[in-house]
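Data block below; observations after.
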Amino acid sequence: MSADMIDPTVQPAVGPDTTAERIPGKQLSKWSLYTRRFLRNKPAVAGIVIFILMVLYSIIVPILTPYSIDDQDFLNLSTGPSPEHWFGTNAAGNDNWLQTAVGLQRSLMIAVTVSVGVTALSAVVGTAAAYFRGRIEQGTLIVIHFLMVVPTFLILALVSNDAGGDWRVISLAMIFVSWFFPARVIWTLALSLREREYVDAARYMGVRGMTIVMRHLVPNIGSLLVINFTLGVVTAVMTETGLSFIGFGVKLPDVSLGSLIGYGAASVTSAPWLFYFPALALTLLTVSMALVADGLRDALDPTSAAGGRA
């Protein structure tokens with residue numbers, strides 16, 4: 001076809017735009033597109049609604065309840081759900097409705113703290129190892145591969161037991177034994193990013209190595225980090241629950257979902273409400289976060305058909 005036969009008003013066909021799509025009279029930004037794709041995923045929307053309701057429950061109930069988790073009702077010892085105690089009471093007369101809310105709050109605090117720490121540490125270590133190469137890369141991989149074969153659950157049990165169940169120490173220990181798995185994945189992904197033109201251009205302009213890592217490499221794996229953070233919350237909740245269930249996690253006078261479930265399991269036949277309500281809270285929390293993570297994956301992946309078109 002000759003040049004004079006080309007209609008200048010016809011735009012050439014291009015591949016799908018991963019950052020914005022045009023709709024009549026409007027152009028969607030990248031984040032608007034992600035939001036629309038996420039909202040089209042009904043299970044993910046249900047998951048975020050459930051998660052928000054559970055966060056509100058864990059925050060509002062301890063504030064509005066006129067008594068604390070240590071207060072005892074000697075007229076209602078180990079009684080089932082009632083208008084006065086919606087989730088029943090334990091053998092000491094403590095309100096299970098309030099304890100479940102406080103336990104959920106503590107589990108969320110641990111999970112979010114651990115997930116933020118693991119996501120940030122793994123992102124920096126993984127991308128830095130890929131960028132700097134040489135001995136730094138080799139040394140980082142040796143440490144990662146060594147930590148992968150260490151019995152992490154045993155370390156967590158020993159550290160938390162010596163700390164007396166302090167949730168801050170437990171959170172730090174969980175970060176220490178969890179960062180290297182996602183760091184290994186991020187390192188693999190960053191191997192291709194370090195060869196991009198914008199990285200070479202920044203290097204030739206004299207930009208420092210860590211500045212390139214933080215400004216150019218880490219932001220370009222943002223979608224992966226968001227998904228890792230969401231799934232990390234689920235993993236941290238399950239890890240903390242397992243530790244507390246066997247007596248190595250959060251301990252009295254503090255409570256978490258794991259410690260409440262462990263206490264309720266001992267009396268599941270005589271007082272099943274002490275077990276089932278915390279277990280239901282744990283199930284709703286983990287399932288909702290798993291649905292949100294699945295929705296985020298589909299929304300941030302431009303090749304996914306599950307997210308639909310915006």
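The values are calculated or read from the model by the stated rules, or taken from the named source; none is laboratory data. Predicted model only: the values in this text are computed from it and were never measured. Heads up, the Cβs are rebuilt from the backbone with ideal geometry, glycines too, and the neighbour counts pull from every protein chain shown. The area values use the complete protein model at the heavy-atom level, side chains included, leaving out ligands, DNA and RNA. Shrake-Rupley method; radii C 1.70, N 1.55, O 1.52, S 1.80 Å.
Numbers below:
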{"item": "Some residue of the range 133-153 being open to solvent by less than 50 Å² (accessible area, probe 1.4 Å) and touching a His at 6+ places or on another chain (Cβ under 9 Å)", "result": "no"}
{"item": "Cβ-Cβ under 6 Å pairs, at least 6 apart or on other chains, the range 253-281 side closer than 17 Å to Ala236 by Cβ, far side aromatic (Phe, Trp, Tyr) and surrounded by fewer than 23 Cβ atoms within 10 Å (Cβ to Cβ)", "result": "Gly258/Phe245; Ile261/Phe245"}
{"item": "Some residue of the range 24-38 being more than 30 Å from Pro278 (Cα to Cα), open to solvent by 70 Å² or more (accessible area, probe 1.4 Å), modelled with pLDDT of 60 or more and of a type in the set (D, E, K, R)", "result": "yes"}
{"item": "Filter result (open to solvent by less than 10 Å² (accessible area, probe 1.4 Å) and over 17 Å from Gly242 (Cα atoms)) within the range 168-185", "result": "Phe180, Ala183"}
{"item": "Within the range 212-225, tally of residues that are open to solvent by less than 30 Å² (accessible area, probe 1.4 Å) and in a helix (DSSP H, G or I)", "result": "6"}
{"item": "Pair list, Cβ under 7 Å, 6 or more apart: the range 183-199 residue within 18 Å of Gln138 (Cβ to Cβ), other residue among the polar types (S, T, N, Q) and at pLDDT 90 or above", "result": "Ala183/Ser122; Ile186/Ser122; Ile186/Thr127; Ala190/Thr127"}
{"item": "Index of the failed condition, Ser107 passing every other in (1) crowded, with 21+ Cβ neighbours inside 10 Å; (2) more than 19 Å from the chain's Cα centre (by Cα)", "result": "(2)"}
{"item": "Filter pass, Val213 being over 20 Å from Arg106 (Cα atoms), out of contact with any helix residue (DSSP H, G or I) (no Cβ under 6 Å at 6 or more places or on another chain) and of a type in the set (A, V, I, L, M, F, W, C)", "result": "no"}
{"item": "All positions within the range 186-198 that are outside any helix (DSSP H, G or I) and crowded, with 18+ Cβ neighbours inside 10 Å", "result": "Arg194"}
{"item": "Subset of the range 236-269 (residues that are closer than 16 Å to Val177 by Cβ, open to solvent by 30 Å² or more (accessible area, probe 1.4 Å) and modelled with pLDDT of 85 or more)", "result": "Met238, Thr239"}
